[in-house]
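Here the structure comes first, spelled out in structure tokens, and everything after it is commentary.
Readers should treat all values here as calculations from the given coordinates under stated rules, not as data from a laboratory. Remember, predicted model here, so these are calculated numbers, not experimental data. All Cβ positions, even for glycine, are placed from backbone atoms using ideal geometry, and neighbour counts span all protein chains on display.
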Amino acid sequence: MRKRGLKFYMSIYRKILIQDLKSKMSYRADFIISTIGMIMTNLSGFVTFMILFHNFPTINGWDYYHMLFLYGFSLVALTPVQCFFDNNWNLRFMVQSGDFIKYCFRPVNVFFYFMSEVFDVKGLGQLAFGIGTIVYAWIKIGIPVTPLVILKLIVFLFTASLFMIALMNFAAATCFWIKNSGYVMVIMFRFKDFAKYPSSIFEGIFKVIFTFLIPIAFIAYYPSLVILSPDNVPVLSWISPLFGLIFFYLSYKFWMLGVRKYDFTGS
Amino acid sequence: MEEAVVMKNVCKDFKVLNRHEGLKGSIKDLFSRDYKTVSAVKDVTMTVNRGEIIGYLGPNGAGKSTTIKIMTGVLEPTSGEILVNGKVPYKNRTENCENIGVVFGQRSQLWWSLPLIESFKLLKDLYMVPEKEYDDMIALYRSLVDIEPILHKPVRQMSLGQRTLSDILAAFLHNPAIVFLDEPTIGLDVSMKSKIRELILGLNKEKNTTVILTTHDMGDVDALCKRIVIIDKGMKIYDNDIDHLKNYFGSYRTLKLKLADDTWEEMLIDEKTTDVMDVIMEKQKEKKIKDVKILEISTEEVIRKIYEGGTK
């Protein structure tokens with residue numbers, strides 16, 4: 001058996017991506033409209049945010065620019081799930097129609113092959129928007145720019161995106177067991193909106209749920225604390241990269257278990 | 001290694017919830033742990049030799065697809081042994097996939113928006129096909145079928161026939177030891193059907209590829225298969241040469257009578273039990289007969305007889 005390592009998968013992904021972009025460009029109207037739509041979505045989200053926080057200058061000790069930083073952080077952290085794992089949204093249709101089986105006939109990892117099929121360009125606009133917001137808030141707060149802080153930012157952005165990807169993997173994979181898994185996905189996707197707010201506003205049971213059960217607090221709150229309050233970082237923030245990796249791994253295993261357990265009934 | 005597929009007493013059961021009727025029943029089902037076991041494949045033993053084209057037949061729901069899914073490593077059998085190219089498929093799914101090609105009737109496995117040639121190039125990388133072998137294969141394709149018109153066409157713009165053709169070519173691209181074709185000619189016109197049959201024969205001859213074909217079209221069987229395996233209700237009911245099958249029903253004749261009102265009447269007669277002449281005479285008493293034809297039984301009728309009555 002010929003070995004397929006990381007290098008192989010990277011090169012395959014790149015090739016599929018190039019082909020995919022080429023064919024997307026060929027639908028010009030579709031491309032333009034979805035780009036405009038993406039800008040509008042981000043803009044309206046931003047405006048809502050501005051209005052809300054201009055009226056409440058601080059929330060639980062978080063001032064406007066800290067909130068803005070958190071907002072930008074969550075936008076960037078949500079980009080990978082949007083760009084690379086968007087096919088999760090199609091999973092249940094493919095499973096129900098039986099078309100999913102085609103992903104099992106190639107000598108590559110099923111999860112990889114399935115996800116490689118869709119690259120959502122819309123995520124790139126969100127990424128630009130998020131980076132802009134982070135930079136703006138960063139300057140206003142006056143966080144010093146050192147290589148170490150930049151490194152921390154990258155590591156913890158990566159961590160944060162792992163949590164979101166894992167959540168969507170879990171939600172999507174429920175379709176292998178239940179029929180109406182669309183609801184699960186929509187609920188999970190809605191939950192991500194809470195990630196934009198400091199989790200310290202949640203009390204008691206909600207805090208426990210959003211930290212350990214549906215860990216959206218890890219999508220922006222805990223990781224961004226490392227940058228925002230470097231003198232007072234909770235332990236949960238420091239161990240979040242490890243948590244993120246474990247959580248992602250578990251979601252991947254759950255997804256693959258679904259593939260194995262599924263009957264593929266009907267022909 | 002002469003055998004492409006070896007199956008010994010392979011069984012596959014599915015667990016299905018016992019559904020109750022009505023609203024009350026539905027509520028009951030919500031909490032019910034009342035499962036029944038449905039056997040899709042029962043104790044199937046068979047061997048497929050290298051280079052063979054076998055017809056894998058059976059009525060709808062007989063267990064054909066399930067067997068194919070077991071052979072391709074997608075499903076794990078409940079019990080029994082299976083070896084594909086000398087390996088256990090469900091334990092080595094990716095490895096098994098390198099040596100097989102699959103075409104599932106109307107379901108294209110190609111990248112929908114890409115021109116065929118780009119799909120081919122991606123597949124070449126995915127299967128790690130060496131440049132030389134890839135070029136040889138494309139050259140072979142060119143010699144067997146006119147691929148120019150479809151090569152630069154995106155799959156989504158193709159007709160069903162072109163898409164099927166593309167899918168078959170894609171399945172053979174990495175020169176697999178076995179190719180599974182699940183109803184490859186379904187929904188195609190006559191000329192496309194014969195084109196595809198010729199292509200399959202040509203590839204099988206050139207590359208000595210084992211082909212396992214499921215179909216409901218007896219034209220496919222007549223054109224391609226020397227041997228057929230028939231399965232019904234999960235059990236293998238026939239496994240032998242196609243000629244043997246005809247001998248089995250050799251005493252059967254199709255009698256066609258053209259009646260006075262120019263309509264043809266058709267009937268199947270077993271010469272062992274009934275005399276053809278008797279039937280004609282009997283008919284003649286009722287109506288005038290203008291013409292008589294006696295034909296050998298066709299494969300289609302043989303298969304129908306087996307589905308209906310089974311072989312004893």
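Compute the FRET efficiency between residue A:27 and residue B:81 as 1/(1 + (r/R0)^6), taking r as their Cβ-Cβ distance and R0 = 51 Å, and round to the nearest 0.05. That gives a FRET efficiency of 0.55.
Partner aspartates and glutamates whose Cα lies under 16 Å from the Cα of residue B:8, excluding those fewer than 8 positions away in the same chain, are identified as B:43, B:76, B:81, B:239. Evaluate the Debye formula for region B:177-312 with equal point scatterers sitting on the alpha carbons, no solvent, and hand back log10 of I(q)/I(0) at q = 0.18 Å⁻¹, in q order, two decimals. Once normalised to I(0) and log-transformed, intensities are -1.05. The local environment of residue A:10, defined by Cβ-Cβ distances under 15 Å, has a net charge of +4 under the rule Lys, Arg +1 and Asp, Glu -1.
In plain terms, if you count all Cα to Cα distances in region A:73-145 and split them into 10 Å steps from zero, the share in each step is 18, 34, 22, 15, 8, 2 percent.
Using the Kirkwood radius built from alpha carbon pairs, what does the Stokes-Einstein equation give as D for region B:241-294 at 4 °C and 1.567 mPa s, in µm² per second? Estimated via Stokes-Einstein, D reaches 107 µm²/s. In terms of Cα to Cα distance under 17 Å, which aspartates and glutamates are near enough to residue A:192, apart from those fewer than 8 places away along the same chain? Straight-line reach from residue A:192, under 17 Å: A:86.
For the residue pairs B:87/B:207; A:7/B:195; A:102/A:253; B:91/B:124; B:69/B:195, alpha carbon separations beyond 30 Å are given by A:7/B:195.
Pair-distance distribution P(r) for region B:33-79, from all Cα-Cα distances in 10 Å bins starting at 0: 20, 51, 23, 5, 1 percent.
The relative contact order of region A:25-265 comes to 26 percent, based on Cα pairs under 8 Å that sit 6 or more residues apart.
In this calculation the C-beta distance from residue A:229 to residue A:118 is compared with R0 = 51 Å, giving a FRET efficiency of 0.85.
Taken over the alpha carbons of chain B as equal point scatterers, the Debye sum produces base-10 log I(q)/I(0) values at 0.06, 0.12, 0.13, 0.14 Å⁻¹ of -0.28, -0.91, -1.00, -1.09. Remark on residue B:159: its backbone amide H falls under 5 Å from none of the residues 5 or more positions apart or on other chains, H modelled at 1.01 Å from N. Derived value for region A:1-111: Kirkwood hydrodynamic radius 18.1 Å. Basis is the mean of 1/r over every pair of different alpha-carbon atoms.
Under conditions of 20 °C and 1.002 mPa s, region A:25-265 yields 113 µm² s⁻¹ as its translational diffusion coefficient, taking Rh as the Kirkwood radius over Cα pairs in the Stokes-Einstein equation.
Seen from every direction in turn and averaged, the convex hull around the alpha carbons of region A:197-263 projects onto 5.5 nm².
Gyration tensor analysis over the Cα atoms of the protein assembly as shown returns equivalent ellipsoid semi-axes of 59, 27, 22 Å (largest first, whole Å). Taking the charge dipole of chain A about its Cα centre, with +1 at Lys and Arg Cβ atoms and -1 at Asp and Glu Cβ atoms, the residue from A:217, A:71, A:26 reaching farthest to the positive side is A:26. Of all lysines in the structure, the ones whose alpha carbon falls short of 21 Å from that of residue B:246, not counting any fewer than 8 places away in one chain, are B:226, B:236, B:256, B:272, B:293, B:305, B:312. One chain, two ends: residue B:270 and residue B:28. Fully extended at 0.36 nm per residue, the span grows by 81.9 nm beyond their Cα-Cα distance. Convex hull volume of the C-alpha atoms in region B:1-153, normalised per residue: 193 Å³. A crude spin-label estimate for the pair residue B:304 and residue A:253, with each label 7 Å from Cα along the Cβ direction, gives 5.6 nm. Annotation for residue B:131 and residue B:38: the two label points, set 7 Å from Cα along the Cα-Cβ direction, are 5.2 nm apart. Of the complete DSSP H runs in chain A, those spanning 24 angstrom or more by Cα along the long axis with a mean Kyte-Doolittle score not below -0.5 are A:6-26, A:28-55, A:122-141, A:147-173, A:235-261. Taking every full run of DSSP H in chain B, the ones that stretch at least 24 Å from end to end by Cα along their long axis and average -0.5 or higher on the Kyte-Doolittle scale are B:190-207. Whole-percent P(r), region B:87-188, all Cα pairs, 5 Å bins from 0: 2, 13, 23, 24, 22, 10, 4, 1, 0.
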